[in-house]
Amino acid sequence: MALARVLGPVRATGLGAGSMLGAGIFVAVGPVVGRAGDAAVPAVLLAAMVAGLNATASARLARRMPAAGGTYVFARECLGPTWGHLAGWVFVVGKTASCAAMALAVGAHLWPGHATSAAILAVVILTLVDLAGARRSADTLTASAALVVIVVGGSVLLLLERGAVVAPAPPTDGLDVVQAAALLFFAFAGYARLATLGEEVRDPERTIPRAVAVSFVLVTALYLLVALAVSRTLPADVASASDRALADAVDTLGHPALSTVVAATAVVAAGGALLSLLGGVSRTVLAMSRDRHLPARLARESSRGVPASAQVAVSLVVVAALPFVGAVEAVAASSGCVLVYYALTNASALTLDGQGLPAGAPGRRRRAALRMLARLGAAGCLLLVLALPLAGVLWTLGVVLVGLLAGRVTRR
C-alpha cells in the first residue's frame, strides 16, 4: 500500500531545512572548528560542494523514482539488488548513529549533566510525533527551521559585529580541512529525508528538486556564518571539546537571556533533526522490509499510512545505543556510512538516460554535464571517506563488508 501524499512545497522545504540545521549548527561545528581552526569556512565550503553534487543526483533520481526508500530504491533499480541492499544497510546504520548524535545534542542543551536520560526521553516523545503522520512532522520541522534562522542568525551577527576575540590559529594543512569537511558532511545529509519521502510528496517531480535547492542554499549560508563566528570566538581546543560550541560562543557575549534562548533553540533544532532522522530511517527500513531484506513484519503500516513497525524498531535501537556513545563519536560513525550511501547515489545517477532532456545537441550537452557532476560527486564522497581518521575508515569498511555479506544471505 502506498503512503499518503500530504506534503506540498512549503512543508517539503521546511522539512529539508529543519533536517539539516539541528545537525550542523549545534553538533558538528565544534569538531569542525577544533580540527580546521581558522580554515573552518573552507571546510564548510568543501562539504557543501560535495553535498551539492549529491543533492543534484538525489533530486534527479527522486523525480524518476518517487518511492519510499531513497537511494536503497535507486541503487536497487539502477545498479542491482546487491548495491541496493548495501545502500539501504549503510543508510540505516549511519542514520541510526546520526539519531543518537541528535538525541544527545538535545540532552546536552536541555539537561546538562544528564544528557543521556534527556536524550532517551526525546526519542520517545518524537517517535510519538512521527507516528502521528508525515504532515505533522513536516509542520514541526518547518517551525523549527524558522526559529533557528531567526535566533541563530541574530546571535551570529552579534558575534561577528564584536569581532575576533581569539588569536589566529597556526596554519592548517589540507588534510585537516578535508577531515573537517568529512565530519561536517553528515550535517548536510538532511536533504536525503526528502528523497525517502518520495511517496508522501505531492507532485514529486517538481516539489523535491525545488525543496532540496532552497533548503540547501539557506542552510549553507547559515553554516558559513556560524563556522566563522565560532572560529573567531572559541580557541580550537575549546571548540573541539564542546558538544555545544555555538552556545558556548554566545555565552562569551555576557547576555544570560540570549544564552538561554540559544540553548532552547538548540533543543528545538536538534529535536527537529532527530524527528526527521527517525522518519527517514524508518522509510528505508520499510522499503527493505517490503523486499524481505529485513523482517517482513517491519513493513506494517498504521491506519494513518505511517510505517509504524519500522518507526518503533528504529527508535528502540537508538535508545539501546544511547548509553554507550557520545555525540562526537556518533557523528564520526555516521559520516563514513553516509558518504558511501551518496557515492552509490551518484553511481545510480550515472545510469539515467536522457529522458526529459531537450532533443539534439542541447540535450547531449546537458546529459554529458549531468554525468560529469555525478562522477565528481562520487569521487568527492570517496575522497572524504578516505580523509576520515583511521578509526572512521576502518568502521566504514567494516559496515560495508557486513552489508555485502548480509545482502548475500537475505537473497538466498
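Tabulated data
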{"item": "Cross-chain or 6+ apart pairs with Cβ under 9 Å, the stretch 145-160 first and under 23 Å from Gly16 (Cα atoms) and crowded, with 23+ Cβ neighbours inside 10 Å, then modelled with pLDDT under 95 and polar (S, T, N, Q)", "result": "Ala145/Thr13; Ala145/Ser19; Ala145/Ser215; Val148/Thr265; Val152/Thr265; Ser155/Thr265"}
{"item": "Filtered residue count, the stretch 221-269, keeping only those that are surrounded by fewer than 24 Cβ atoms within 10 Å (Cβ to Cβ) and not in a helix (DSSP H, G or I)", "result": "8"}
{"item": "Hey, Leu298 assigned to a helix (DSSP H, G or I), open to solvent by less than 60 Å² (accessible area, probe 1.4 Å) and without any contact (Cβ under 8 Å) to a residue 24 or more places away in the chain or not", "result": "yes"}
{"item": "Every residue from the stretch 400-412 that is open to solvent by 100 Å² or more (accessible area, probe 1.4 Å), in a helix (DSSP H, G or I) and either at pLDDT below 90 or of a type in the set (Ser, Thr, Tyr) (or both)", "result": "Arg408, Arg411"}
{"item": "Helices (runs of 4 or more DSSP H) enclosed by the stretch 1-88 - at least 3 residues per element that are farther than 27 Å from Glu205 by Cα, among the hydrophobic types (A, V, I, L, M, F, W, C) and open to solvent by 10 Å² or more (accessible area, probe 1.4 Å)", "result": "40-64"}
{"item": "Number of positions in the stretch 252-289 that are closer than 26 Å to Pro112 by Cα and within 19 Å of the chain's Cα centre (by Cα)", "result": "14"}
{"item": "Index of the failed condition, Thr284 passing every other in (1) in a helix (DSSP H, G or I); (2) out of contact with any Phe, Trp or Tyr (no Cβ under 6 Å at 6 or more places or on another chain)", "result": "(2)"}
{"item": "Top-ranked residue of the stretch 124-142 - restricted to ones that are surrounded by 22 or more Cβ atoms within 10 Å (Cβ to Cβ) and at pLDDT 80 or above, ranked as farthest from Gly305 (Cα to Cα)", "result": "Leu126"}
{"item": "Qualifying position, being among the aliphatic types (A, V, I, L, M), within 24 Å of the chain's Cα centre (by Cα), modelled with pLDDT of 95 or more and open to solvent by 70 Å² or more (accessible area, probe 1.4 Å), among Leu397, Leu386, Leu390", "result": "Leu397"}
{"item": "Candidates Ser117, Ser98, filtered to the one that is open to solvent by 50 Å² or more (accessible area, probe 1.4 Å) and either at pLDDT 95 or above or assigned to a helix (DSSP H, G or I) (or both)", "result": "Ser117"}
{"item": "From the options Gly279, Gly305, Gly272, residue that is open to solvent by less than 20 Å² (accessible area, probe 1.4 Å), on the phi > 0 side of the Ramachandran plot and at pLDDT below 85", "result": "Gly305"}
{"item": "Qualifying residue in the stretch 64-78 (condition: within 30 Å of Ser231 (Cβ to Cβ) and touching a Phe, Trp or Tyr at 6+ places or on another chain (Cβ under 7 Å))", "result": "no"}
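The values are calculated or read from the model by the stated rules, or taken from the named source; none is laboratory data. Fair warning: this is a prediction, and the values are worked out from it, not measured in the lab. When we count neighbours, we look across all protein chains shown, and the Cβ atoms used for this are built from the backbone with ideal geometry, even at glycine. Just the protein is used for accessible areas: all its heavy atoms, side chains included, with ligands, DNA and RNA removed. Shrake-Rupley method; radii C 1.70, N 1.55, O 1.52, S 1.80 Å.
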